[in-house]
Amino acid sequence: MAQEAVTKMRLLGADVGIAPKPGGTGTVGVPVWVWNGPSPQTTGPTSASATALGVTVTATATVQDVVWNFGNGTIVSCPFPGTPYSPSFGLTPPSKAGGQCGIAGYSRVGEYTVAATTTWAVHWVGGGQQGDLTTTRSSQAAVRIGELQVVGQ
């Protein structure tokens, strides 16, 4: 029944926020910021119950962590949920801005898939018993990185 309660919660992977914006183009060497957009299904906590034969089990899920794979061999676990990029951050890398989430920049031009794996910790109670389980959800976003070229006269 705990699994049925988890299913009812409709847990999702991160609602990936990323700078540069999807559909835009970032620049080689410029920081890339990522964060998880808040909602009960992406950041929790959230709860649901399931009942069978007069026994009700209630499960509560909270995000344990989000691991980000930047598609270039860099994988990081960041403070949750992360802070959306603000123009006031300028070219400050996320690691220098209060330990926020992202990377200092890509070193090569290309299209990268940024994948987020969210680990949910679920505690359930019911029928005189309780327990814990873990489940994961994944999501992704694409980012395009270009090169800035200056042509002099």
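Read-outs: derived from the displayed coordinates by stated rules, not from any lab. Predicted model only: the values in this text are computed from it and were never measured. Every residue, glycine among them, receives a Cβ derived from its backbone with ideal geometry; neighbour counts consider all protein chains shown.
Figures for the structure shown
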{"item": "Cβ-defined net charge surrounding residue 114, 14 Å radius [Lys, Arg +1; Asp, Glu -1]", "result": "0"}
{"item": "Simple label model, 7 Å out from Cα along Cβ direction - residue 88 to residue 67, nm", "result": "3.4"}
{"item": "Net dipole in debye of the chain [+1 Lys, Arg Cβ; -1 Asp, Glu Cβ; about Cα centre; nearest 20]", "result": "180"}
{"item": "Distant-in-sequence amide H partners of residue 127 (H built 1.01 Å from N, under 5 Å)", "result": "56"}
{"item": "Ranked 91, 133, 11, criterion: other C-beta atoms within 10 Å, fewest first", "result": "91, 133, 11"}
{"item": "Segment 46-116, relative contact order [Cα under 8 Å, separation at least 6], %", "result": "27"}
{"item": "Reported label for calculated Cα extents along the principal axes in Å given (1) 81, 27, 22; (2) 59, 31, 22; (3) 136, 30, 16", "result": "(1)"}
{"item": "Contact order relative to length of the chain, as percent, for alpha carbon pairs under 8 angstrom and 6 or more apart", "result": "31"}
{"item": "Full-stretch length increase - residue 136, residue 75 - with 0.36 nm per residue and alpha-carbon distance subtracted", "result": "20.3 nm"}
